[in-house]
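Trainee: The structure follows.
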């Protein structure tokens, strides 16, 4: 099970800052998160399987855009709303 | 007597205003979804208690929230509006922009319009939504819609979904841009209704691409009559005619007939209101001259009267967006509008006198006056 850090905008779904989910890829992990917390995935990935414009994923500190990125059970995934100024 | 409920959708959440029987005092309930961009909040007139809210945040994708308790509790749609999966360049819903309850004969049915332009339908009170392929995937309509790049800064929109109360298979919708369209077979086929509508100078009015209806309303007291506030003027259409008549020509020249919103009287199809904005030069989209006013016609557009008693006399540079003016069904009719500067204005006497009902709200996107069960 990978550890997933949940940003505050998505904690209405999880109720917690960190949860666990499983998946061989980032996309599969997000599907597992959606199974556990229905509705969460569509808020960060659109219907064409594209990461939404202002959402970023990090795996072990590395920025990842590809939902096909393989994951290991001990990975740490961060879901982060893009930082912006103003 | 039915009680009025004002549903105010803003860039930073939603508020509900409950009236007293005389519409003099309002109890505020909110914010709901603080920080969410709420484009539309609509009460189901068929049961008087189901609310649907179209929401997203600056970062998170779009969804629809539902309440059957007038906002005490909310449930998220299990399947919000989303386009069919496609290949390269397939579209994704950025936000649901417009919500329309279905006809009385189809309880639980709703329509949604999105940005980019898409039409969706729910038959389970907004829990799940299906795309209407006859619109969203039709190559001709897609060409008329253009791309997101062709749209306005906050995205091209499908709006003004109108259901003929006499015939559930007879629907209209508008697109900014992309024109105004009609079906008489429940959405299987669609036909543009453009005759008489003008477009920006130099473009071809026969091409729906260049048409930008901002807000179209169907008269409850005469469903054969439609009014429209367009990018290029104010119009009326009396079916079965297909020819829009530009009734904004009779507006004062100094004010013009550009605006976003339009409201029709619930019982008098000759009466309609607009709230003009400045559409000159770079399109400031503010009250002309900084002096906001509602204009009413009581003779189906032959003449207009300025209604500004109680409104600021100068230095008020508002915009009122296309969903942000509404009326109740009381007698006399109550009129309401919300501004981009977060003020909510009301009139208990059909615009004769205005008073500010709330200030300091976030930018107001939509105001709906509904009747509670």
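Trainee: From the list B:86, B:61, which residue is touching a helix residue (DSSP H, G or I) at 6+ places or on another chain (Cβ under 7 Å) and within 14 Å of chain A (Cβ to nearest Cβ)?
Mentor: B:61
Trainee: Being closer than 25 Å to residue B:66 by Cα and surrounded by 16 or more Cβ atoms within 10 Å (Cβ to Cβ) is the filter here; which residues of the range A:15-30 pass it?
Mentor: A:30
Trainee: Between a residue in the range A:21-47 that is away from chain B (no Cβ under 14 Å) and any residue that is assigned to a helix (DSSP H, G or I), which pairs come within a Cβ distance under 6 Å, given they are 6 or more apart or on different chains?
Mentor: A:21/A:29; A:21/A:32; A:21/A:33; A:22/A:32; A:23/A:29; A:23/A:32
Trainee: Scan the range B:353-373 for residues that are in contact with a strand residue (DSSP E or B) (Cβ under 7 Å, 6 or more places away or on another chain) and part of a loop (DSSP other than H, G, I, E, B) and jot them down.
Mentor: B:353, B:354, B:361, B:362, B:363, B:372
Trainee: While we're looking at this one, here's another question. For residue B:329, all conditions in the list (1) assigned to a loop (DSSP other than H, G, I, E, B); (2) in contact with a strand residue (DSSP E or B) (Cβ under 6 Å, 6 or more places away or on another chain); (3) in contact (Cβ under 8 Å) with a residue 60 or more places away in the chain hold save one; what is the number of the exception?
Mentor: (2)
Trainee: Examine the range B:36-46 for a residue that is modelled with pLDDT of 95 or more, part of a loop (DSSP other than H, G, I, E, B), within 14 Å of chain A (Cβ to nearest Cβ) and crowded, with 18+ Cβ neighbours inside 10 Å, and state whether such a residue exists.
Mentor: The answer is yes; a qualifying residue exists.
Trainee: Another question, then. Residues to consider are B:248, B:279, B:301; find the one that is at pLDDT below 95, outside any strand (DSSP E or B) and within 25 Å of residue B:193 (Cα to Cα).
Mentor: B:279
Trainee: From the list B:72, B:49, B:24, B:66, exactly one residue is within 14 Å of chain A (Cβ to nearest Cβ) and closer than 24 Å to residue B:328 by Cβ. Which is it?
Mentor: Criteria check complete, one pass: B:66.
Trainee: Something else now. Given A:8, A:14, which one is at pLDDT below 95, within 14 Å of another protein chain (Cβ to nearest Cβ) and in contact with a strand residue (DSSP E or B) (Cβ under 9 Å, 6 or more places away or on another chain)?
Mentor: A:8
Trainee: Search the range B:138-160 for residues being assigned to a loop (DSSP other than H, G, I, E, B) and out of contact with any strand residue (DSSP E or B) (no Cβ under 8 Å at 6 or more places or on another chain), and hand back the single one that is farthest from residue B:177 (Cα to Cα).
Mentor: It comes out as B:138.
Trainee: Given (1) part of a strand (DSSP E or B); (2) farther than 25 Å from residue B:96 by Cα; (3) free of Cβ contacts under 8 Å to residues at least 60 places away in the same chain, where does residue A:4 come up short, assuming only one miss?
Mentor: Here residue A:4 clears every test but (3).
Trainee: Then there's this: Looking only at the range A:48-79, count every residue that is at the interface with another protein chain (Cβ under 9 Å from one of its Cβ atoms), within 16 Å of residue A:7 (Cβ to Cβ) and surrounded by fewer than 19 Cβ atoms within 10 Å (Cβ to Cβ) and tell me the total.
Mentor: 2
Trainee: Could you tell me which numbered condition residue B:169 fails, if it satisfies all but one of (1) without any contact (Cβ under 8 Å) to a residue 40 or more places away in the chain; (2) on the phi < 0 side of the Ramachandran plot; (3) crowded, with 21+ Cβ neighbours inside 10 Å?
Mentor: Residue B:169 satisfies all of (1) without any contact (Cβ under 8 Å) to a residue 40 or more places away in the chain; (2) on the phi < 0 side of the Ramachandran plot; (3) crowded, with 21+ Cβ neighbours inside 10 Å except (3).
Trainee: For residue B:34, are the conditions met, namely being in contact with a helix residue (DSSP H, G or I) (Cβ under 6 Å, 6 or more places away or on another chain) and without any contact (Cβ under 8 Å) to a residue 24 or more places away in the chain?
Mentor: no
The values are calculated or read from the model by the stated rules, or taken from the named source; none is laboratory data. All figures in this text were calculated on a predicted structure; none of them were measured in a lab. Cβ: placed from backbone, ideal geometry, glycine included. Neighbour counts: every protein chain shown.
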